Amino acid sequence: MTPNDAELNERVLRLKQERKAVILAHNYQIAEVQDIADFVGDSLELSQSAAKTDAEVIVFCGVHFMAETASILCPDKKVLLPDKNAGCPMANMITGEELRRKKAEMPGAAVVCYVNSLAEVKAESDICCTSANAVKIVQSLDSDDILFIPDQYLGHWVASKTNRKLTLWPGFCPTHVKIRPEDIMAVKKEHPAAKVVVHPECRPEVTAIADEVMGTGGMCRFARQTEATELIIGTEIGILHRLSKENPGKKFFPASKRAVCPNMKLITLEKVLWALEDMATEVKVPEAIRLNAKAAVDKMLEVGMGQPPDMSRRVAL
Ligand code: 13P
Ligand code: SF4
């Protein structure tokens, strides 16, 4: 840590206390941001921490849809995104209006919405999912007519694991599609004993050659539990910081060094400090959208806790 970073850290920690704030960071954040956070996790774990915290302010070090989910779950807390431009291109690949049009073509279909989506899209959906629980969510549904949005590759992987036919929206993650089978084979050639673990946002040609396919929270648990001492990681490279820190005896290799999410990298220690100084940028979801979006997120959390989703509970506008 440079003297500048040490001073920044101290100022962030001091102001965090004054503001009664908590700092949440996604597994893809840069090392300095992960290291100052109160909690580092995947999308699901971060939503759950947001819902549980008694802090008055949540500084969300991640991308816009994650801060929105925190705001959906905690309307009384101030949710700050340290850089308002930190969006998720996949989340922007479907709007509420586009989903309404698709639903009109598929009346009666159950809509499963990956949390990497806009609040207005969640509000039009029946149930949300994350990479950690998508298989369980789809398995919990009775309907044979399921529209899965917006990630076609996560949807493709879930269909293969559940044997369910899903109608897929053609969205994708621009970072994960950069990982190619030949990249993995090249790293595997250098480290033949390494296990290959990839995110389900990767293309089917990539998930097909992996030893394990899981979300970022699953990867962190797997890395701790596996006897393998070398792992090739097919996801955004920010996670290698946490994996190496938590498993000093193991070696982690990125499947592709090109797997960088530029939006995740917009959050810096300086911006975390400025967010706390200016109490900006606040992310707040309009109440009518929030209530319906919350119904879809709550149904996901119910299934996560082992209860079947109550699909009738939508809020009338
Ligand atoms: P996780 O929920 O697995 O952390 O994934 C979030 C994400 O944005 C992946 O690109
Ligand atoms: Fe969105 Fe992909 Fe970045 Fe995840 S890695 S936040 S899906 S662009």
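Which pairs in the list Lys122/Lys284; Lys16/Lys251; Lys16/Lys257; Lys122/Lys178; Lys178/Lys271; Lys161/Lys251 are over 24 Å apart, alpha-carbon to alpha-carbon? Long pairs (Cα-Cα over 24 Å): Lys16/Lys251; Lys16/Lys257; Lys122/Lys178; Lys178/Lys271; Lys161/Lys251. Of all DSSP bridge pairs formed entirely within the chain, close to 5 percent run antiparallel. For the chain, modelled as a GNM whose springs connect Cα atoms under 10 angstrom apart, the maximal fluctuation among Pro174, Pro200, Pro107 occurs at Pro107. From the alpha carbon centroid of the stretch 130-149 to that of the stretch 161-225 is 19 Å. Across the stretch 50-162, the volume of the C-alpha convex hull divided among the residues equals 113 Å³ per residue. Here, the chain is characterised by an Rg to Rh ratio of 0.97, where Rg is the alpha-carbon radius of gyration and Rh the Kirkwood radius. Between the beta carbons of Thr95 and Glu190, assuming R0 = 35 Å, the FRET efficiency works out to 0.20 to the nearest 0.05.
Within the set of other residues whose C-beta is less than 11 Å from the C-beta of Gly171, count the net charge using Lys and Arg as +1 and Asp and Glu as -1.
-3
Under 17 Å of direct C-alpha separation, and excluding same-chain neighbours fewer than eight residues apart, Lys294 reaches these aspartates and glutamates: Glu45, Glu68, Asp76, Glu120, Glu124, Asp126, Glu302, Asp310.
Counting neighbouring beta carbons within 10 Å and listing from fewest to most, the residues Lys189, Lys136 come out as Lys189, Lys136. The loop-placed GluC sites (Glu not before Pro) in the stretch 152-227, going by DSSP, that have at most 11 neighbouring Cβ atoms within 10 Å of their Cβ come out as Glu227. Extension gain, Asp145-Thr167: 0.36 nm per intervening residue step, less the Cα-Cα distance, totals 7.1 nm. Phi-derived couplings, Karplus 6.51 cos²θ - 1.76 cosθ + 1.60 at θ = phi - 60°, listed residue by residue for the stretch 153-163: 6, 4, x, 4, 5, 5, 4, 5, 7, 10, 6 Hz, with x used for Gly and Pro.
Calculated from DSSP H runs of 4 or more alone, at -39500 (n - 2.57) each and per residue, what is the 222 nm mean residue ellipticity of the chain, nearest 500? After summing the helix terms and dividing by the residues of the chain, the value is -12000 deg cm²/dmol. With K and R counted +1 and D and E -1, the other residues having a Cβ less than 14 Å from that of Lys245 yield a net charge of +1.
Using Cβ contacts closer than 10 Å as the measure, can you line up Lys271, Lys299, Lys250 from fewest to most?
Lys250, Lys271, Lys299
What shape does the stretch 1-49 take by its C-alpha gyration tensor, where a ≥ b ≥ c are the square roots of the eigenvalues and a/c under 1.5 counts as rounded, a/b above b/c as prolate, and the rest as oblate? Oblate shape, in that a/c is at least 1.5 and b/c is the bigger or equal ratio. If you sort the three axes of the alpha carbon gyration tensor as a ≥ b ≥ c, you get a/c of 1.5 or more for the stretch 227-307 and a/b no higher than b/c, which makes it oblate.
Just so you know, all these numbers are worked out from the coordinates, no wet-lab data involved. Quick caveat: nothing in here was measured; it's all calculated off a predicted structure. Don't worry about glycine lacking a Cβ; one is built from the backbone with ideal geometry, like all the others, and counts go over all protein chains shown.
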